[in-house]
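Comments concern the structure below.
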Ligand SMILES: Cc1cc2nc3c(=O)[nH]c(=O)nc-3n(C[C@H](O)[C@H](O)[C@H](O)COP(=O)(O)OP(=O)(O)OC[C@H]3O[C@@H](n4cnc5c(N)ncnc54)[C@H](O)[C@@H]3O)c2cc1C
């Protein structure tokens, strides 16, 4: 870049921060706006799974896009090195009744992969405390995990070191930038300059942080719940409530999630569980809208649904390429915000 373009990024979640850093690294002068205190957006409550395989197997909307999810995951090691976080590569384990495991096995094989079938004695090492009810499991090492809250902090610190400025208020428009990247999650304040935001719909999610002894195992996926390690014990997720946008904790949603989690790890029943909620932004086809908007100078980075953390480096790469007139790569067409314009 000959002259530093001035870019405004609206939103300091996973997509906004990763994009801001990529733009700064590409030579842009970047200002990030976000009115909310840290730790209240969807990115902060997320489980941090980087899970191309189990997302493609367990979520029908993701199944056709395994290649894209995998390509996004493959960009993570460079981001890991850039911002100094550690990716947990222990893998992810599915446990459940034979019918569930049969579906998972078939789904993984349809992706061209071979799950590792594990007997009971191997499960203990990979998932200490797992219920003895589960006699076998299926492991993939392709799914990874990051600590979402720590990664948000590391992204912000790296962005600040790269010269990005932060402003604790909403962006009303371009805020003096030549381009505006809209990475506002489910926020639609900027809908006048980005009409495509009207295509987003909310999916509320509950997730529980269960205090207790450190869990040193990998991600466990069961029917109706998953469990991951976290700084204070375990994370148990997550509900999917399509069309719901409020952040209120609903005890009637927490109870079945806790019941499904306790079937995986009985000790969860006695842990102190703190419920959190977040709202995922989803598009009609389950993929985010990434790239140029309809109005000159507007770029979109929204709608990552269940996989905002996984997709963040791919989103950032495409937006940076749009700004630098570089190669947007093979996945940009599938993510083009204009794809819904005539539907
Ligand atoms: C319970 C739960 C578990 C999840 N687990 C995972 C997981 O394991 N792996 C994974 O990959 N994904 C997961 N996700 C999905 C992931 O969290 C989202 O896809 C991702 O966080 C979206 O990031 P974002 O930056 O688009 O939005 P957000 O994180 O919502 O950030 C948007 C930001 O924009 C700000 N904003 C809004 N309006 C404006 C404005 N006008 N100006 C400036 N700023 C504005 C908001 O304050 C907010 O901080 C999970 C989601 C939930 C709810």
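Since every read-out is calculated from the coordinates, none of them should be taken as a lab result. Small disclaimer: the values here were computed from a predicted structure and weren't measured. So basically every Cβ, Gly included, is an ideal-geometry build from the backbone, and we count neighbours across all protein chains shown.
Shape class for segment 162-268, computed from the alpha carbon gyration tensor (a ≥ b ≥ c): prolate, with a/c not under 1.5 and a/b above b/c. Counting 0.36 nm for each residue step from residue 246 to residue 296 and taking away their Cα separation leaves a gain of 14.8 nm.
Quick check on segment 220-343: take the gyration tensor over C-alpha atoms, sort the square-rooted eigenvalues as a ≥ b ≥ c, and tell me if it's rounded (a/c under 1.5), prolate or oblate. Prolate, since a/c reaches 1.5 and a/b exceeds b/c. Test of understanding: extend the Cα→C-beta vector of residue 150 to 7 Å, then name every residue of segment 228-250 with backbone N under 11 Å from that spot. Of the residues in segment 228-250, 230-232 have backbone N under 11 Å from the label point off residue 150.
Label point of residue 231 set 7 angstrom out along Cα-Cβ; within segment 125-153, amide nitrogens under 20 Å from it belong to 145-153. Divide the volume of the convex hull around the Cα atoms of segment 59-199 by the residue count and you get 177 Å³ per residue. Under the simplified labelling scheme, the residue 162-residue 70 pair shows an inter-label distance of 2.7 nm, with each label point 7 Å from Cα along Cα→Cβ.
Please state the relative contact order of segment 1-145 as a whole percent: Cα pairs under 8 Å, 6+ residues apart? With pairs under 8 Å counted, the relative contact order is 23 percent.
Counting only alpha carbon atoms, the long axis of helix 14-25 and the longest principal axis of the chain meet at about 50°. Bridges between two residues of the chain, per DSSP, are antiparallel at a rate of about 70%.
With semi-axes defined as the square roots of five times the eigenvalues of the C-alpha gyration tensor, the equivalent ellipsoid of the chain measures 35, 20, 19 Å, largest first. Using alpha carbons only, how many degrees (0 to 90, rounded to 10) separate the axis of helix 98-110 from the longest principal axis of the chain? Relative to the chain, helix 98-110 is tipped by roughly 40 degrees.
Here segment 16-53 is scanned for amide nitrogen atoms under 16 Å from the site 7 Å beyond the Cα of residue 6 along Cα-to-Cβ, giving 28-33.
Relative to the longest principal axis of the Cα atoms of the chain, helix 148-161 runs at roughly 30 degrees. Summarising the label geometry, the points placed 7 Å from Cα in the beta-carbon direction at residue 124 and residue 259 lie 3.0 nm from one another.
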